[in-house]
Amino acid sequence: MGKLGWAQSRVLAVLFAEGAASFEDLALNNKLGELKVQVKDAWPNLFRQARFLSAVDFVQADRLRRKVALEMARIFKEVDVLLVPSLRDEQLTITNFTGHPSLTLRAGFVEVSEARSDWAPDPNNPLPKFNPPRRVPHGITILGRLFDDGLIGQVGLALERAFNVVSERPAGF
């Protein structure tokens, strides 16, 4: 969590603790090691680390959650939806933390020569390289007000029509 700001790392601590609670059975039965990716920033290790979160840390982070939710409510008094890059850490952290609905959709395609991951590199499982480059979908994410999923669905449909990529499929799909 070193590259994140203090507030975002506090938010992530709660998200990881909630994830660890969901997968507690795996932890208690020593099965986290059976999950595929075991690098530093992968879920199994985040679940392990979350077990050391103190109650005080959790309460302080939950107080921060309320502040973030109030700020999101203030923002959504001024705008109907937010259009953000697809699956970026900051937006996902906020919406996972506050429960705001989001919709990710294709906006077009890009050529890539190697696979991309937000996780730390795993020397035992390097990401594949592509020769020739592959044409893969590129997306955007729409964030909406709490309990206003219908609006982001309507905006998503309108954008999907405007981007005119619905009928395009990568090879093999």
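A short reminder: the numbers here are calculations on the coordinates, not readings from a lab. None of these values were measured; they are calculated from a predicted model. No Cβ is skipped: glycine too gets one built from the backbone with ideal geometry, and neighbour counts run over all protein chains shown.
Between rounded, prolate and oblate, where does the chain land on the alpha carbon gyration tensor, with a ≥ b ≥ c its root eigenvalues, rounded for a/c under 1.5, else prolate if a/b exceeds b/c? Oblate is the answer for the chain, as a/c is 1.5 or above yet b/c matches or exceeds a/b.
So what is the 222 nm mean residue ellipticity for the chain from helices alone, if each DSSP H run of at least 4 adds -39500 (n - 2.57) and you divide by all residues, rounding to the nearest 500 deg cm²/dmol?
Numbers: 6 runs with 79 residues, N = 173.
About -14500 deg cm²/dmol.
Averaging the sequence gap over all C-alpha pairs within less than 8 Å and six or more residues apart, then dividing by the number of residues, gives the chain a relative contact order of 23 percent.
Counting Lys and Arg as +1 and Asp and Glu as -1, what is the net charge of the other residues whose Cβ lies under 12 Å from the Cβ of Arg134? Intermediate results must be reported in sequence, preceding the final value.
Working: positive: Arg116, Lys129, Arg135; negative: Glu111, Glu114.
My count for the surroundings of Arg134 gives +1.
Cross-link candidates for Lys129: which lysines have Cα within less than 30 Å, leaving aside residues fewer than 8 places away along the same chain? Filter leaves Lys3, Lys36, Lys40.
Would you mind calculating the gained length between Asn164 and Ala42 on full extension (0.36 nm times residue separation, minus the Cα-Cα distance), in nm to one decimal? Don't jump to the answer; show the numbers that get you there.
Details: separation 122, 0.36 × 122 = 43.92 nm, distance 3.55 nm.
Fully extending the segment from Asn164 to Ala42 adds 40.4 nm.
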